[in-house]
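The values are calculated or read from the model by the stated rules, or taken from the named source; none is laboratory data. What you are looking at is a predicted structure, and each value in this text was computed from that prediction instead of being measured. A quick note on method: Cβ atoms are made from the backbone with ideal geometry, for glycine too, and the neighbour counts reach across all protein chains shown.
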Protein chains: 2
Amino acid sequence: MAMGPSDGTAGLGGTKGLFSPVSVDRISEVIVEQVRLLIREGKLVPGDRLPSERSLCEQFGVSRVTVREALRVLEASGLVEIRVGARGGAFVVQPSSERVGKGLAELMTLASMTAGDVTEARMVFELGILPLVVERATEEDIADLRVLVEQGLNALESGSYTMAMSAAFHVRVASAAHNPAIEMLVQTFHGPMLMSLQQAHVAAPLMGPRGAHEHFELVEAIEQRDLERARGIMTRHLQRTADRLADYQDPRLENLDGEE
Amino acid sequence: MAMGPSDGTAGLGGTKGLFSPVSVDRISEVIVEQVRLLIREGKLVPGDRLPSERSLCEQFGVSRVTVREALRVLEASGLVEIRVGARGGAFVVQPSSERVGKGLAELMTLASMTAGDVTEARMVFELGILPLVVERATEEDIADLRVLVEQGLNALESGSYTMAMSAAFHVRVASAAHNPAIEMLVQTFHGPMLMSLQQAHVAAPLMGPRGAHEHFELVEAIEQRDLERARGIMTRHLQRTADRLADYQDPRLENLDGEE
DNA sequence: TTGGGCAAATGGTCTGATTATTTGCTAGTA
DNA sequence: TACTAGCAAATAATCAGACCATTTGCCCAA
């Protein structure tokens with residue numbers, strides 16, 4: 001018996017009419033909302049496994065197709081991860097800032113946003129967090145940064161320096177502010193850059209010796225808790241990015257390889 | 001003939017082995033990637049309509065279920081919008097920062113991110129962009145802000161002030177920086193706040209007369225291009241949010257109603 | 001000219017089946 | 001006993017063909 005969406009509540013809600021919208025549409029969406037709620041309420045925590053598709057069919061009283069569409073949406077939203085095979089199924093995942101940033105980066109590349117726009121936002125943000133970084137950086141933070149600088153210098157010599165390494169450095173600096181929201185945002189900035197670089201096949205080394213040395217100096221300034229010096233270095237460092245971008249005729253994201 | 005995912009490439013790629021992952025899985029994902037690419041390349045622009053489900057089935061040589069799952073993912077990603085009925089179908093949408101922020105907000109509330117974290121990030125960002133705002137705000141920007149302040153004051157008197165209004169004001173201020181990246185990020189900050197407020201059923205007026213007056217003063221300072229004054233006002237304004245948040249025992253996002 | 005109604009297009013859903021993959025257990029062998 | 005090969009079960013991925021609900025546009029009648 002193929003039933004249409006007319007009785008879309010599918011036994012949910014039932015007697016009480018406290019539905020927010022007039023949504024008599026899309027059973028799968030109702031399922032998504034239920035699961036979402038369970039996750040928000042903490043009744044489902046990362047690592048938990050949802051019932052199998054067939055179980056969910058029975059519990060919701062819908063067909064497998066509908067359940068699968070709901071799972072697809074949940075997966076695309078970064079809430080669950082689906083594994084096949086025995087002991088497989090839908091597992092609730094811990095939403096990482098990385099995962100969040102990915103989605104955001106995707107849309108930033110689509111939005112009408114120039115490389116200059118992104119660079120300017122970086123200027124504001126990465127300079128703005130420096131006081132926090134200088135104040136809060138731990139020995140571990142600094143040790144990590146030293147390693148990254150070291151790797152950068154080595155890669156530079158062997159000509160294998162990539163933008164990803166530069167991005168990793170900047171993100172690691174931001175994480176020294178010890179604020180997940182800030183870390184996520186910085187990650188977001190670098191996402192679209194890396195993405196567009198991959199698209200443009202510009203994996204070539206773009207970091208000059210000067211930029212690498214600035215990374216080194218920045219770590220030193222952070223270690224010495226010298227905010228003014230750190231600010232000066234970062235300003236120069238980012239400014240050169242901006243300048244290089246200005247050289248392009250069409251400074252859209254495709255050309256976001258100005259990081260030196 | 002029910003064929004499994006063994007030939008999951010579905011005729012794509014074919015001879016050349018330049019697939020990024022080993023992803024021989026999930027035909028629907030391949031379809032998603034194709035459409036995504038078309039959108040990125042500008043071959044599909046907002047407003048365009050994808051072929052109907054049944055057409056896509058033929059073109060891709062897959063079943064409707066598979067196509068539908070791909071469409072679900074694209075829809076959840078905010079790339080297309082699906083309308084039913086004749087002349088319906090999947091339409092490419094302009095990815096707005098609002099649409100993006102929604103999904104993002106969801107994940108941010110789930111991520112281990114406290115209200116304090118978000119507030120601190122706001123401090124950095126909203127203070128950091130003030131120089132740009134003061135420099136670039138147009139008469140239109142200021143007129144819009146005046147309207148928002150007016151509405152806020154009226155709502156305050158009638159007791160109908162909502163957090164959404166405060167958020168709208170802050171976002172509008174950010175948009176006066178005339179940088180899409182910045183606007184989008186500020187919107188991202190406010191998304192999770194609104195969401196958690198709705199969850200906590202705290203739609204009540206939280207904006208004190210003091211906060212509303214600060215909004216008014218801020219607009220004035222922007223109009224006068226008085227950066228220092230604007231900075232002072234914004235600092236006080238956000239600081240009170242931080243202070244209020246500190247009163248909570250568990251300052252998680254559920255309590256992100258500190259905006260006054 | 002206008003209104004009603006019918007038909008086509010289209011998404012939403014159902015049913016029942018096959019295939020591929022993973023896991024765990026079992027039996028056979030050294 | 002220990003180890004490996006292989007089979008069985010669980011599970012997601014997909015297919016095929018059907019029916020329902022909604023929207024749009026057109027045609028015909030008043």
Only one of B:56, B:74 is more than 8 Å from DNA strand D (Cβ to nearest atom), more than 21 Å from residue A:79 (Cβ to Cβ) and either at pLDDT 90 or above or in a loop (DSSP other than H, G, I, E, B) (or both), namely B:56
Does residue B:177 satisfy the criteria of being more than 19 Å from residue B:241 (Cα to Cα), surrounded by fewer than 24 Cβ atoms within 10 Å (Cβ to Cβ) and in the same structural domain as residue B:227 (by TED's automatic domain parsing)? no
Can you tell which of A:116, A:42 is closer than 30 Å to residue B:136 by Cβ and modelled with pLDDT of 75 or more? A:116
Expected output for the range A:154-175 (first residue over 19 Å from residue A:209 (Cβ atoms), partner among the charged types (D, E, K, R) and assigned to a helix (DSSP H, G or I), Cβ below 8 Å, 6+ apart or cross-chain) is A:171/A:183; A:172/A:141; A:172/A:144; A:173/A:126; A:174/A:126; A:174/A:183; A:175/A:141; A:175/A:183
With the condition being more than 14 Å from chain B (Cβ to nearest Cβ), I'd like the helices (runs of 4 or more DSSP H) fully within the range A:117-176 carrying at least 1 qualifying residues. A:139-157, A:163-175
Looking at residue A:184, is it among the aliphatic types (A, V, I, L, M), within 11 Å of another protein chain (Cβ to nearest Cβ) and within 14 Å of the chain's Cα centre (by Cα)? yes
Any hit, the range A:81-92, residues being within 27 Å of residue B:92 (Cα to Cα), within 15 Å of DNA strand D (Cβ to nearest atom) and surrounded by fewer than 24 Cβ atoms within 10 Å (Cβ to Cβ): yes
Qualifying positions in the range B:34-65 - touching a residue at least 24 places away in the same chain (Cβ under 8 Å), of a type in the set (Lys, Arg) and within 12 Å of DNA strand C (Cβ to nearest atom): B:49
Residue satisfying all of: in the range B:77-91; at the interface with another protein chain (Cβ under 10 Å from one of its Cβ atoms) and touching a strand residue (DSSP E or B) at 6+ places or on another chain (Cβ under 8 Å); modelled with the highest pLDDT among these: B:82
